[in-house]
1. Taking 0.36 nm per residue of sequence separation and subtracting the Cα-Cα distance, how much length would be gained by fully extending the chain between Lys21 and Ala8, in nm to one decimal?
2. Rounding to the nearest 20 debye, state how big the charge dipole of the chain is about its Cα centre with +1 on each Lys and Arg Cβ and -1 on each Asp and Glu Cβ.
3. Rounded if a/c is under 1.5, else prolate if a/b beats b/c, else oblate: with a ≥ b ≥ c from the C-alpha gyration tensor eigenvalues square-rooted, which is the stretch 28-68?
4. How many Å² of accessible area per residue for the chain, probe 1.4 Å?
5. Counting only protein heavy atoms and using a 1.4 Å probe, what share of the accessible area of the chain belongs to carbon plus sulfur, as a whole percent?
6. For Lys34, what charge total do you get from the other residues with a beta carbon under 14 Å from its beta carbon, if Lys and Arg give +1 and Asp and Glu give -1?
7. I want the local charge near Phe25. Using Cβ-Cβ distances under 12 Å, sum +1 for each Lys or Arg and -1 for each Asp or Glu among the other residues.
8. Can you show me the helix-derived [θ] at 222 nm for the chain, built from DSSP H runs with n ≥ 4 at -39,500 (n - 2.57) apiece and divided by the number of residues, rounded to the nearest 500.
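The values are calculated or read from the model by the stated rules, or taken from the named source; none is laboratory data. This is a predicted model, so every value here is computed, not measured. Don't worry about glycine lacking a Cβ; one is built from the backbone with ideal geometry, like all the others, and counts go over all protein chains shown. Each accessible area value is taken on the protein alone, full model and side chains, heavy atoms only, with ligands, DNA and RNA left out. Shrake-Rupley method; radii C 1.70, N 1.55, O 1.52, S 1.80 Å.
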Amino acid sequence: MISDKMKAVLVHYNQALSLYKSRKFAEAKEEFKKGLAIHPGDGPSKLYIERCDDYIADPPPEDWDGVYNMKTK
């Protein structure tokens, strides 16, 4: 069974992921941060915040399919 705390995290995560896929990286980052405020150990949210930062600094091409291309190994 999933706790109410994790349900709240998932609400923010799913909203953030939708924003991310819509190329709204700044808004997505803020939503991921809301989930982290509830559960600081949420690894996926931390990862997506880093990706949002990357795409805010250097947006993906117009034909971006949602795939993140790593810049280093």
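1. Gain on stretching Lys21 to Ala8: 2.7 nm.
2. It comes to approximately 260 debye.
3. Cα axes put the stretch 28-68 in the prolate bin.
4. Solvent-accessible surface per residue comes out at 70 Å².
5. Summing carbon and sulfur atoms, their accessible area is 55 percent of the total for the chain.
6. Summing Lys and Arg as +1 and Asp and Glu as -1 gives +1.
7. -2
8. So the helix-based figure for the chain works out to -21500 deg cm²/dmol.
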